[in-house]
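The values are calculated or read from the model by the stated rules, or taken from the named source; none is laboratory data. Just so it is clear, the structure is predicted and the values come from calculations on it, not from any experiment. Don't worry about glycine lacking a Cβ; one is built from the backbone with ideal geometry, like all the others, and counts go over all protein chains shown. Side chains included, ligands, DNA and RNA excluded: accessible areas come from the protein's heavy atoms. Shrake-Rupley method; radii C 1.70, N 1.55, O 1.52, S 1.80 Å.
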Amino acid sequence: MESTAWMQLHSVMNAQPERRPFARATLRRIGAFARPHRRRIWQFVVLSVGTALLAVATPVLAGRVVDAIVSHGDRSTVVRLAVLIALIALAEAAFGILGRWLSSTLGEGLILDLRTAVFDHVQRMPVAFFTRTRTGALVSRLNNDVIGAQRAFSNTLSGVVSNLVTLLLTLAVMLTLSWQITLLALVLLPVFVIPARRMGSRMAKLQREAANLNASMGTRMTERFSAPGATLVKLFGRPEDESVEFAARARRVRDIGVRTAMAQSAFITALTLVSALALALVYGLGGWFALRGTLQPGAVVSLALLLTRLYAPLTSLAGARVEVMSALVSFERVFEVLDLKPLIEEKPDARAVPEGPAAVEFDNVRFGYPSADKVSLASLEEVAALDTRSGAEVLHGISFRAEPGQTVALVGSSGAGKSTIAQLLPRLYDTDAGVVRIGGVDVRDLSAASMRATLGMVTQDGHLFHDSVRENLLLARPGATEGELWDVLRRARLEDLVRSLPDGLDTVVGERGYRLSGGERQRMTIARLLLARQRVVILDEATAHLDNTSEAAVQEALVEALEGRTAVVIAHRLSTIRAADVILVVEAGRIVERGTHEVLLAADGRYAELHRTQFEKHAPGTNVTESVGVGVGVGVAVA
């Protein structure tokens, strides 16, 4: 009884405050996910029915034992009944273990299906989706909500079936033994249900507050314990204030925990007391009937034992709606993510990029970043409503062509649209108007696999996963050999560094690669590019974190890496793009100038202004000629 009360209270505490009616579409989709497991579900239901039958049989047999003893019956009858009770106990234990196995395999199988579906779907979402959603909220869908949905099959399904069968059988048997006592026992039902509902509401409020505080503390710890966050706190934070604020939230969680424990204790004590009172009623009234000769002594014992089997399923079934609604809400939150259509999808008849050297072309491209309602969910951004306003147009009629093997450089002020142009080429976003082509084919008509095999990109941040050097490199080409890995590390001027690491290629680089310097991280991404061997290359500030010495070393690798390949290079340091075949000056989303380095300097326009401003910033005593000389070397590398 106490265990059942605990389960009931837990269900109410964790229930969502939703009161929406069942959505038929949601139920149909739940059925679709459950269909592959239908055989195991039926086995589970049959086993639950069998367990309920055994649960009712034991009290009836116990009553017969008492009757045999009182009537001084045959000893063999008592022994047979005792053996039968023992066998039923063994069967119940076996059914319990088998039921747990079916429940766990069913629930974990559903978790696997749901998580895989959500993960695969999220993988297909555009970059705009990830720039808006909170990572923690998205991970919660894969963890908390998926587990909440799983409980519908592992807990709620078995609970409803077994409790319903147990309740019906128990009532039937009790009514045949004494309908008067059965009706009086049912009168006490509200004394069980009402405290559960009222206390459950109070407990749910405390639990939600504790969950919010724990989530807040978790977010704070995640931010402060990451390498960038810890550095920021060390440099600009106030450790004492941080500690005081964290301790205040932790104390609040402690206070809620104490109140929750006391409320649970009071609730269980109250239910235990009511159960004892009900048993007293059965023994008192049943004993009076037995003394009058209208009821067998064994029936009194059977009624007392059956009573414990009556209130448990009644209490659980009273909260079944709460459990079902909680599971339904979890399913709906999972389906909410699955229903968010990717803004960029591959066509069914998508084709591969044509073989051979590939040209890159932008034909009158216009683009504005999509509004939030097209790429995200309010619940994932943790806002009341999504912004439905469309983003302002940031690219206005961009047109240029990079011939096979040519290098086109993009320069301009920060925010001019250079990185946006670079993101349109691998189709991280789709254009609003105009066409982006690779190898003469609209990128929207190309398959994602052929795009990945054709186009490589080195971004500004040089992102690495919290994994080994080997695994970070193998992202580019999973089948690469050990020799090929060391070859690209040598060409990226990283071989000596990696060999000096404790575990060589198997050394873990840390979260975001923070165990490496900025220049080392950037060279690691260049090594990854060298390993991929793609025909089109985008360098978005690929040498931004390198000093002059490291930059010069990397250029030697880039000469080979970009030889015969079409390249789009974004740079703020003009020295790195002096020898580009074409330099495009981008300002406010438009190409305002184009030409070679010498032609643009002679035009004395925006490029010349940027050039003068940049080189005039050298400190006194700096050899500008030497800097330009390095730039010439770099220019040859990307040519």
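Taking only protein heavy atoms and a 1.4 Å probe, the accessible area of region 413-463 is 49% carbon and sulfur. Only protein heavy atoms count here; under a 1.4 Å probe, residue 374 has an accessible surface of about 100 Å².
The listed residues 262, 524 rank as 262, 524 when sorted by accessible area, largest first, using a 1.4 Å probe. Summing +1 for each Lys or Arg and -1 for each Asp or Glu among the other residues whose beta-carbon sits under 13 angstrom from that of residue 57 gives +1.
Estimated from the Cβ-Cβ distance and a Förster radius of 30 angstrom, the FRET efficiency linking residue 433 and residue 336 is about 0.45.
When you count, for each residue, the other Cβ atoms within 10 Å and take the mean per peptide, how do 410-421, 76-87 rank with the highest first?
On the way: 410-421: 20.1, 76-87: 13.3.
Top of the packing list down: 410-421, 76-87.
The residues packed around residue 37, meaning those with a beta-carbon under 13 Å from its beta-carbon, carry a net charge of +2 if Lys and Arg are +1 and Asp and Glu are -1. For region 80-92, 3J(HN,Hα) computed residue by residue from phi via the Karplus equation (6.51, -1.76, 1.60; θ = phi - 60°) reads 4, 5, 5, 5, 5, 4, 5, 5, 5, 4, 5, 5, 4 Hz, glycine and proline entered as x. Note on residue 283 and residue 245: the extension gain reaches 8.0 nm, defined as 0.36 nm multiplied by sequence separation minus the Cα-Cα distance.
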